[in-house]
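Derivation of every value follows stated rules applied to the coordinates shown; laboratory data play no part. Being a predicted model, the structure only gives us computed values, none of them experimental. When we count neighbours, we look across all protein chains shown, and the Cβ atoms used for this are built from the backbone with ideal geometry, even at glycine.
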Amino acid sequence: MSKMDNNIINSIKILALDMINKAGSGHPGIVLGAAPTLYALYKDHLNVIPAKADWINRDRFVLSSGHGSALLYSLLYHAGFDIDMEEIKNFRRLNSLTPGHPEYRVTPGVDVSTGPLGQGIGMAVGMALAERYLRSITDGSLKNGGLIDYYTYCLCGDGDLMEGISYEALSFASTQNLNKLILIYDCNQVSLDSSCDETFTEDIEIRFEALDFNIIRVRNGNDYEDISSAIKEAKKSKRPSIVIVSTTIGKDSINEGTNLVHGKPLTVEDFANIKNKMKITSEPFTVNPEYSNYLQAAINNRVSKKFNKWQSTYFQVREGDNEGLNTLFNFLERNEFIIDFDDTKFKISSDYKEELRESNHKVMNIISPRSPFFLGGSADLSSSCKTNLDKSGKMTDKNPLGKNIYFGVREHAMGSILNGLALSNLKVFGSTFLAFSDYLKPALRLSALMNLPVTYVFTHDSIYVGEDGATHEPVEQLTMLRSIPNLITFRPADINEIMGAWEYVLKNNCATALVVSKEKRSKYKNTNAKFVKYGAYMIRKEKYRLDGVIIATGTEVEMALNIAKELFTAGLDLRVVSMPSMELFLKQNPKYEEQLLPNVPTFVIEAGSSLIWNRFASKPEYIFGINKFGMSGKKEEIAKYFKFEEKIILEKISNYLIKQ
């Protein structure tokens, strides 16, 4: 390693340690251990243009070990990304460009939000899958290809590989043979609590051999040139690769090699000793311009020729008449997702009645042929969730343009892989049973946090699953979904509302959950796809006077309508409101809520937890829900057992109103 390379690596380390010390929190261990690895990647391999950080054909980098953010920010600063020294000094401060863990759309050069360990690995797999899909589209339209052609690199640590999601995602990556995925393992054998001797003793090489990964070992994690050579070798592989770099956490600290240097700032004495070893005498937050200029020139000299060649081809395409490729680049650059979908164009007969999951299947298959950017799959439940795209094949290594992704029984990985796909703006969906949404909650949370266009299709949405029993009967999951910021949850009542939900999904870039029943339902007279975007609307208006309001969602809308009809014959005049999306309703002008839900007795019917409905119901006892785990039996028996039957709820509402 040259003296200049050594000096720059040390400069990157010291600036990162300055950030951690000033913030009073952070992770110095990874800074001191993994700096040569990141330096090798950025200086010699990562195809990026710091002045054009959103170049669509850049290589992607995922810091799955998100606690190493100070190291990443320091390197990005040295590499010339648009981060000034004041932002470096404001590490972990409110509204800075340098948050405690990397955040998508916040820091130039950061491609994804990371922090929850293992998630970055799954999202890197999704990014690599997106690259192959988009590359296959462009290669089919261009003689020489090359407009989409990038690698996805992911730096992970012991903690990432301990998390179960890593195995799920990497097993999928191997099955799909994503050879442009390169995992770089910062192998320091230490986690926050202890040495890995106490928690993580498996042979990683054997594990990845079983996964059929290309395995490359770097014995000295301080040798930048060996690391660079290993990455170069990985890029030639026809299989996904892992580069295992043996490092020392907290290298040169008095606590090097121990968990004591993982998650808190160094002492003043320790930091001073490290600077003395490196012969650095400069004041804090001082970077020698010679070092940053050298790194920036190295990146520019290596990447500029490739970028200029790419740009020349790109301009030729943009000036040409290749409509398909122009649509692709409008989509990738400006997120122009244009699809001809209008519910008014589809006529539905008055005697229509089928399972809502079947109705959803039909709508998805109307959407799919209209755009190459709409795709997804299921965690081994497409036949039950009815989410297969009938006119498209399975996505495989041999058929990379298949739009049906078979994730296998890997709910958690499915969510994170979908996030990786959506980070390339693809409109993606994943499906499983609503009860199993718990398996993918961390990934779903990141979908919402990054505001990604991922739609989760959840079926088997209530105790009416019946014979499958309590494990498969969701109770608390709707409340969980509705509590997640930035997530829009839909529970449609019929095919009209299903179409309205999808129309919203297609016109908005946000994370959504579409909860679809397997129960059969007709098309109701007054449901309206155009009103779904308001979250709630009236589907039965009172005829003479307003005695009360019943709010219902999904399959319970039918029950609410039947109850209102029966009570009308008894002299009680009720309004029925369908609320397919609580979140969208709460975004409306308060006057809309006042008009729709005036100050009269208001009831709620939903076959799930009642906790979240106190916002709308007049009294807690006016909420008819399920607050216990389900049972195994015929759905009619279960409804009777829980006293969640139409006649029982009707009688209770009648009694409450009569006592007013």
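Fewest to most neighbouring Cβ within 10 Å: what's the order for CYS510, CYS154?
Ranking CYS510, CYS154 by Cβ neighbours within 10 Å, fewest first, gives CYS510, CYS154.
Which Cα, out of SER382, LEU142, ALA570, lies furthest along the positive dipole direction of the chain (beta carbon charges, K/R +1, D/E -1)?
ALA570
Give me GLU163, GLU594 sorted ascending by neighbouring Cβ count inside 10 Å, so fewest comes first. Working shown, then result.
On the way: GLU163 20, GLU594 10.
Sorted ascending by nearby Cβ count, the order is GLU594, GLU163.
Out of all Cα-Cα pairs in the range 162-283, roughly what percent, to the nearest whole number, are more than 26 Å apart?
34
What share of the DSSP beta bridges in the chain is antiparallel, in percent to the nearest 5? Could the numbers behind the result be given before it?
Details: 7 of 63 bridges.
About 10 percent, rounded to the nearest 5.
What is the log10 of I(q)/I(0) for the range 500-561, computed with the Debye formula using one identical point scatterer on each Cα and no solvent, at q = 0.19, 0.21 Å⁻¹?
-0.86, -1.01
Can you work out the Karplus-derived ³J(HN,Hα) for every residue in the range 472-479? Use 6.51 cos²θ - 1.76 cosθ + 1.60 with θ = phi - 60°, whole Hz, and x for glycine or proline.
My calculation for the range 472-479 gives 9, 9, x, 10, 8, 5, 4, 4 Hz in order.
Expressed in nm², what is the orientationally averaged projection area of the convex hull enclosing the Cα positions of the range 537-579?
Working: hull surface 10.0 nm².
Computing the convex hull of the Cα atoms and averaging its projections yields 2.5 nm².
So how compact is the range 609-660: Cα radius of gyration and Dmax in angstrom?
Looking at the range 609-660, its Cα Rg and Dmax stand at 12.5, 38 Å.
Quick query: amide H of GLY548 versus all other amide H atoms, modeled in the peptide plane; which residues come in under 5 Å with a sequence gap of 5 or more or a different chain?
ARG575
Provide Rg over Rh for the chain; use the alpha carbon set for both Rg and the Kirkwood Rh (inverse mean inverse pair distance).
Computed over Cα atoms, the ratio is 1.03.
Provide the gained length on full extension for the span ILE338 to SER632, in nm with one decimal, where the gain is 0.36 nm per separating residue minus the Cα-Cα distance.
101.3 nm
For the range 412-498, what value does the Rg/Rh ratio take when both radii are computed over Cα atoms and Rh is the Kirkwood radius, given to two decimals?
0.98
With +1 on the Cβ of every Lys and Arg and -1 on the Cβ of every Asp and Glu, and nothing else charged, how large is the dipole of the range 21-178 about its Cα centre, in debye rounded to the nearest 20?
So the magnitude is around 220 debye.
In Å, what Rg and Dmax follow from the Cα atoms of the range 343-522?
Computed over the Cα atoms of the range 343-522, radius of gyration and Dmax are 15.2, 45 Å.
Using modelled backbone amide H atoms (1.01 Å from N, in-plane), which distant-in-sequence or interchain residues come within less than 5 Å of ALA379's amide H?
Correct list: SER431.
Restricting to DSSP loop positions (anything but H, G, I, E, B) with no more than 14 other Cβ atoms inside 10 Å of their own Cβ, which chymotrypsin sites (Phe, Trp or Tyr not before Pro) remain in the range 463-565?
The qualifying sites are TYR544.
Which pairs break 27 Å Cα to Cα here: LYS525/LYS659; LYS386/LYS427; LYS3/LYS232; LYS386/LYS647; LYS43/LYS427; LYS238/LYS507?
LYS525/LYS659; LYS386/LYS647; LYS43/LYS427; LYS238/LYS507, as the Cα separations exceed 27 Å there.
So if the hydrodynamic radius of the range 531-658 is defined as the Kirkwood radius over C-alpha pairs, what does Stokes-Einstein give as its diffusion coefficient at 37 °C and 0.692 mPa s, in µm² per second?
Stokes-Einstein gives a translational diffusion coefficient of 220 µm²/s.
With a ≥ b ≥ c the root eigenvalues of the C-alpha gyration tensor of the range 3-301, is it rounded (a/c under 1.5), prolate (a/b larger than b/c) or oblate?
Since a/c reaches 1.5 but b/c is at least a/b, the shape of the range 3-301 is classed as oblate.
As a check on your grasp of the helix formula, calculate [θ] at 222 nm for the chain: sum -39500 (n - 2.57) over DSSP H runs of n ≥ 4, divide by the residue count, round to the nearest 500.
Computed mean residue ellipticity for the chain: -12500 deg cm²/dmol.
Could you work out how far helix 289-319 tilts from the main Cα principal axis of the chain, as a 0 to 90 degree angle to the nearest 10?
50
Provide the convex hull volume over Cα atoms per residue for the range 56-125, in Å³.
Convex hull volume per residue, Cα atoms: 83 Å³.
Lys/Arg Cβ at +1, Asp/Glu Cβ at -1, dipole of the chain taken about the Cα centre: which of LEU17, SER462, SER2 is farthest positive-ward?
SER462
So how tilted is helix 28-44 from the main axis of the chain? Cα-based, degrees 0 to 90, rounded to 10.
Computed tilt is about 80 degrees.
Just want the ordering: THR114, THR281, THR602, from fewest to most Cβ atoms lying within 10 Å of their own Cβ. Don't skip to the answer; put the middle values down first.
Numbers: THR114 31, THR281 8, THR602 20.
Ranked by crowding around the Cβ, least crowded first: THR281, THR602, THR114.
Give me the Debye-computed log₁₀ of I(q)/I(0) at q = 0.11, 0.13, 0.15, 0.16 Å⁻¹ for the range 240-393, equal point scatterers on Cα only, no solvent, two decimals.
Treating every Cα as an identical point scatterer, log10 I(q)/I(0) equals -0.85, -0.91, -1.00, -1.06.
Along the charge dipole of the chain, pointing to its positive end and built from +1/-1 on Cβ of Lys, Arg, Asp and Glu, which listed residue (VAL475, TYR42, MET162) has its Cα farthest out?
VAL475
Could you give the dipole magnitude of the chain about its Cα centre, charging the beta-carbon of Lys and Arg +1 and that of Asp and Glu -1, in debye to the nearest 20?
1580
Taking H as built 1.01 Å from N, whose amide H comes closer than 5 Å to the amide H of GLN189, not counting residues under 5 places away?
For GLN189, the qualifying residues are ASP158.
How far is helix 69-79 tilted, in degrees, relative to the longest principal axis of the Cα atoms in the chain, given as a value from 0 to 90 rounded to the nearest 10?
That helix lies at roughly 60 degrees to the long axis.
Only bridges with both residues in the range 531-658 count here: give the DSSP antiparallel percent, nearest 5.
Antiparallel: roughly 20 percent of the beta bridges in the range 531-658.
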